Structures are given as structure tokens and as C-alpha cells.
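Written below as C-alpha cells is the structure these notes are about.
Please treat every number below as a calculation from the coordinates, not as lab data. Quick caveat: nothing in here was measured; it's all calculated off a predicted structure. We place every Cβ from the backbone using ideal geometry, glycine too, and count neighbours over all the protein chains shown.
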Amino acid sequence: MQSLQRLPATAHRSLHKAGSAGAEVVLVDPRGTSQTCPKCGTLKAKTLSTRAHACACGCVLDRDVAAAMVVHHRAFGLGSGHGLRCVSGRVAA
Ligand SMILES: [Zn+2]
């Protein structure tokens, strides 16, 4: 996690706004979030023009959704009850 002194001004404003609204802010290291599989953790390199995440583990997601899931994992961990799973891993009822 970055030290608060090194955060951009926009992040400081967001922290202040969230704090005054009583919200919790969790800072995560954003490096590699779009290159990491949210299901298995494998690094899957892709260019910016590649808009889908497709991993050998079977996880297929929109690139931004996959990155958001990795950010969530980094912020809150993978403990039980996190409610996240790879969409491609869902089984139809
Ligand atoms: Zn994977």
C-alpha cells in the first residue's frame, strides 16, 4: 500500500469525502490488477486492446470486471462469505 503522502491529490480528496460521509476506504496496490486472474491468481499478460480476460483455468470475464474482482480480493481477501466467484464458473440451476 502506498503511503498517504504519495497519493495523488484526487485520492486525498476522495479519502476526505469518504471520511466525512462515514465511509471506509481501503487502499490497494493497483499494479497488475488487469493482468491477474481473479479465480486462480495466474498472471495473464494482455495489451490494453484486449478487452476480455481468458485464463487456462476456465475463467472468462470482461477485462474490467476481472480487474475489479482482483481489487476486491486485495482489499477484502478471499475468506468465506466474500461472495465472489468467476462468472464462467457458475453452474446453471
Ligand atoms: Zn485463472
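Computed extension length for Thr47-Ala23: 5.2 nm, one decimal, from 0.36 nm per residue of separation with the Cα-Cα distance subtracted. Determine, from the Cβ-Cβ distance of Asp64 and Ala9 and an R0 of 30 Å, the FRET efficiency 1/(1 + (r/R0)^6), rounded to the nearest 0.05. Here the calculated transfer efficiency is 0.75. In this structure, the amide hydrogen of Lys44, modeled 1.01 Å from its nitrogen in the peptide plane, lies closer than 5 angstrom to those of Thr36, Cys37, counting only residues at least 5 positions away or on a different chain. Rounded to the nearest whole Hz, the Karplus-based 3J(HN,Hα) values (6.51 cos²θ - 1.76 cosθ + 1.60, θ = phi - 60°) of region 59-66 follow the sequence 6, 10, 8, 4, 3, 5, 5, 4, with x at glycine and proline.
Give the residue list of trypsin sites (Lys or Arg not before Pro) in region 23-54 that are DSSP loop and have at most 10 other beta-carbon atoms within 10 angstrom.
In loop regions of region 23-54 (DSSP not H, G, I, E or B), the sparsely surrounded trypsin sites (Lys or Arg not before Pro) are Arg31, Arg51.
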